[in-house]
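To start, the structure under review is shown below, and the notes come after it.
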């Protein structure tokens, strides 16, 4: 797992070099750096959690993983509005890639959805009820689908 974190980090650096819109990465450098480190820290935390569990410690894996994913989504959502037009990071639909204004507005809107969804997921993390798990995963589905639909509707409105 530490190797996965290292490969992911290096891949994200490489992506910013080979992206045809690489000049835009300078415009969201701090947000991109935060996202890289958030992913690495999340994977590192999973590794520590796995090791503790393997060594026999009583670790509530479900709670910690659900809360960790929720925090990760909230952090990324908080900085999503800063992402600039590129081919590797962000909400990449045909409509966001075709129009920079659609990209910008979709990421600002999507960022808010991700923060709210992440906070809902964080609130559901300690609950073991079936309804809480459904709400947790429904929030993630909303975070994925609503910005895509929004980008389409926005593109259609701008195109008309």
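Couple of notes before you dig in:
- Test: residue in region 29-37 that is touching a helix residue (DSSP H, G or I) at 6+ places or on another chain (Cβ under 8 Å), crowded, with 17+ Cβ neighbours inside 10 Å and farther than 23 Å from residue 104 by Cβ: no
- Consider region 127-139 and keep the residues that are in contact (Cβ under 8 Å) with a residue 12 or more places away in the chain and either in contact with a helix residue (DSSP H, G or I) (Cβ under 6 Å, 6 or more places away or on another chain) or closer than 9 Å to residue 70 by Cβ (or both). The one that is surrounded by the fewest Cβ atoms within 10 Å (Cβ to Cβ) is 135.
- Residues in region 38-62 that are surrounded by 13 or more Cβ atoms within 10 Å (Cβ to Cβ), in contact (Cβ under 8 Å) with a residue 24 or more places away in the chain and out of contact with any helix residue (DSSP H, G or I) (no Cβ under 8 Å at 6 or more places or on another chain): 50 alone.
- Out of 117, 110, 68, 77, sole residue that is without any contact (Cβ under 8 Å) to a residue 40 or more places away in the chain and in contact with a helix residue (DSSP H, G or I) (Cβ under 7 Å, 6 or more places away or on another chain): 68
- Tally of residues being outside any helix (DSSP H, G or I) and within 16 Å of residue 90 (Cα to Cα) across region 1-28: 3
FYI, it's all coordinate maths here, none of it is from the lab. Being a predicted model, the structure only gives us computed values, none of them experimental. Positions of Cβ are backbone-derived with ideal geometry, glycine not excepted, and every protein chain shown enters the neighbour counts.
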